[in-house]
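Chemist: Sharing a structure here in structure tokens format.
The values are calculated or read from the model by the stated rules, or taken from the named source; none is laboratory data. None of these values were measured; they are calculated from a predicted model. Note that we place each Cβ from the backbone using ideal geometry, even for glycine, and neighbour counts take in every protein chain shown.
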Amino acid sequence: MHLALSCQSKIANCAQVNYNSGMLVLASSSPRRQQLLRNASIAFTVRPAGVAEVPRPGEGPFDYPRRLARDKARAVRAHAAAADLVLGADTIVVVDQQILEKPVDAADAARMLRLLSGRTHQVTTGVCLIGDSFEDVRAETTAVTFAPLTEEEIAMYVAHGEPMDRAGAYAIQGITSRWACRLDGCYFNVVGLPVPLVYRMLREHGVPVSGG
């Protein structure tokens, strides 16, 4: 089977790649993950998984995103063509073993930012790649240190709206770049997808990538 793989038609300027194994399907509606794949010339199509993002009792901060990435990939894989590859991912922020996901409201976003202020936290993304004959689940963790934030800075940032719909209530590629004073590990992981890890996984499973 030989298919031309491309991003969704509404996404302009996306490089095309020919995959003998079918389409690469991203099981996520995240615009940040889509942009990271496009930037790396890894072509894909999008089918959101619609999986509930709730930790199970006793589930640790390392296991949780790996399990969610697997659940998302499996949910989409169940309705995909046999030749398709499905990529699932989930990103969480962890401080003091406490999982910080997307804030439910402005007050929750401010609470999370106070927890992160002047401290080092971890960002972990679980990644799952499923093909016709394999299921590969991995994770990447990056340590991020914030400078101290004042209450005025927190209020300004929350009012801006950027913290909403983002794990840990911040976007390192946005206004948070003012305060993210140290990063140990993969920057792209903090944005939402560890692209070098995804690339390695694709290559290890024999998936050709444009330019690679």
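Chemist: Mind telling me which of the residues SER30, SER21 ends up being within 16 Å of the chain's Cα centre (by Cα), modelled with pLDDT under 95 and surrounded by 19 or more Cβ atoms within 10 Å (Cβ to Cβ)?
Modeler: Answer to the selection: SER30.
Chemist: Moving on to the next point. Confirm whether ASP90 is of a type in the set (D, E, K, R) and part of a helix (DSSP H, G or I).
Modeler: For ASP90, the condition - of a type in the set (D, E, K, R) and part of a helix (DSSP H, G or I) - is not met.
Chemist: I've got another one for you. Name the residues in the range 142-163 that are small (Gly, Ala, Ser), over 14 Å from ARG178 (Cα atoms) and either in a loop (DSSP other than H, G, I, E, B) or under 25 Å from the mean Cα position of the chain (by Cα) (or both), would you?
Modeler: Residues satisfying the conditions are ALA143, ALA159, GLY161.
Chemist: Which one is farthest from ALA171 (Cα to Cα), of the residues in the range 100-155 that are acidic (Asp, Glu) and at pLDDT 95 or above?
Modeler: Filtering first and then ranking leaves GLU135.
Chemist: Which residues, counting only those in the range 84-116, are within 23 Å of ARG178 (Cβ to Cβ), among the small types (Gly, Ala, Ser) and either in contact (Cβ under 8 Å) with a residue 60 or more places away in the chain or buried (at least 17 other Cβ atoms within 10 Å of the Cβ) (or both)?
Modeler: Result: ALA109, ALA110.
Chemist: Output the number of residues of the range 164-212 satisfying the condition of being in a helix (DSSP H, G or I), within 21 Å of LEU26 (Cα to Cα) and over 12 Å from the mean Cα position of the chain (by Cα).
Modeler: Residues in the range 164-212 being in a helix (DSSP H, G or I), within 21 Å of LEU26 (Cα to Cα) and over 12 Å from the mean Cα position of the chain (by Cα): 7 in total.
Chemist: Would you mind finding the one in GLY174, GLY185 that is surrounded by fewer than 19 Cβ atoms within 10 Å (Cβ to Cβ) and in contact (Cβ under 8 Å) with a residue 24 or more places away in the chain?
Modeler: Among GLY174, GLY185, only GLY185 is surrounded by fewer than 19 Cβ atoms within 10 Å (Cβ to Cβ) and in contact (Cβ under 8 Å) with a residue 24 or more places away in the chain.
Chemist: Out of everything in the range 146-170 that is under 19 Å from ILE99 (Cα atoms) and in contact (Cβ under 8 Å) with a residue 40 or more places away in the chain, what residue ends up being surrounded by the fewest Cβ atoms within 10 Å (Cβ to Cβ)?
Modeler: ASP165
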